[in-house]
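Working notes, beginning with the structure itself.
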Amino acid sequence: MTQTAAGTATRSVAGNGECLWFLGTLATIRVPGEAVGGRYALLEFLFPQGASPPLHTHPQDESYVVLEGALTIQAGDDRFVLEAGGAAAVPMGVPHTFRVDSDGARVLVLSTPAGLERMVRDASVPATARLLPPEGTPRPSPEELERIFRAHGQVNLGPPLA
């Protein structure tokens, strides 16, 4: 990610970004909120098949662009499948979750305003490869994870999608 001076363009070329192993996924922070005055953050996730966070809310709008694979998204009373090339937006405060239905998925996530990337950082370890984390990669304890979520305004409301 490159930003040369205030008021200039910020860019992230393919393969760039802060890579983190986040709860069984590879998260790459492509544009951190710090680079754009906190207005948004852009993250790229590599998810394994079946990945599904708990039903939750947070203080950011969350938009998805599926680059590879397919997700089932539950947002409020709506449930739909989003395949490669598809995009969706979930407004802040709307309970939502998703499930990776394909062998894996690569998804761009836009957090508006920024903030999701800070939560991901706090619950991750640096990735040593641009791959899904190997078995045994450290994760926060359930109590520590709940503290991290609470600190960033994420409220877990229910289980992941079955």
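How large is the accessible surface per residue of the chain, computed with a 1.4 Å probe and reported in Å² as a whole number?
Working: 8090 Å² over 162 residues.
Ligands and nucleic acids excluded, the result is 50 Å² per residue.
Can you grab the distance from the C-alpha centre of the range 19-46 to the C-alpha centre of the range 122-136, Å, no decimals? Cα centres, the range 19-46 to the range 122-136: 14 Å.
Based on the Kirkwood radius over alpha-carbon pairs, what value in µm²/s does the Stokes-Einstein equation return for the translational diffusion coefficient of the range 102-147 at 25 °C and 0.890 mPa s?
Working: Rh = 12.9 Å.
D = 190 µm²/s.
Overall shape: oblate for the range 69-162, with the ratio a/c of the largest to smallest alpha carbon gyration tensor axis at 1.5 or above and b/c at least equal to a/b. Taking only protein heavy atoms and a 1.4 Å probe, the accessible area of the chain is 57% carbon and sulfur.
In order along the range 28-36, phi translates into HN-Hα couplings of 10, 7, 7, 9, x, x, 4, 7, 10 Hz, rounded to whole numbers, per the Karplus curve 6.51 cos²θ - 1.76 cosθ + 1.60 with θ = phi - 60° and x for Gly and Pro. Against the set (1) 1.13; (2) 0.99; (3) 0.92, the structure's computed Cα Rg over 2.2 N^0.38 Å falls on (2). Taken one residue at a time, the phi angles of the range 113-128 give Karplus couplings (6.51, -1.76, 1.60, θ = phi - 60°) of x, 4, x, 4, 5, 5, 5, 4, 4, 5, 10, 10, 10, x, 7, 9 Hz. Gly and Pro are set to x. Normalised by the number of residues in the range 1-153, the mean separation of alpha-carbon contacts (under 8 Å, six or more apart) gives a relative contact order of 28 percent.
The values are calculated or read from the model by the stated rules, or taken from the named source; none is laboratory data. Please read all numbers here as calculations on a predicted model, not as lab measurements. Side chains included, ligands, DNA and RNA excluded: accessible areas come from the protein's heavy atoms. Shrake-Rupley method; radii C 1.70, N 1.55, O 1.52, S 1.80 Å.
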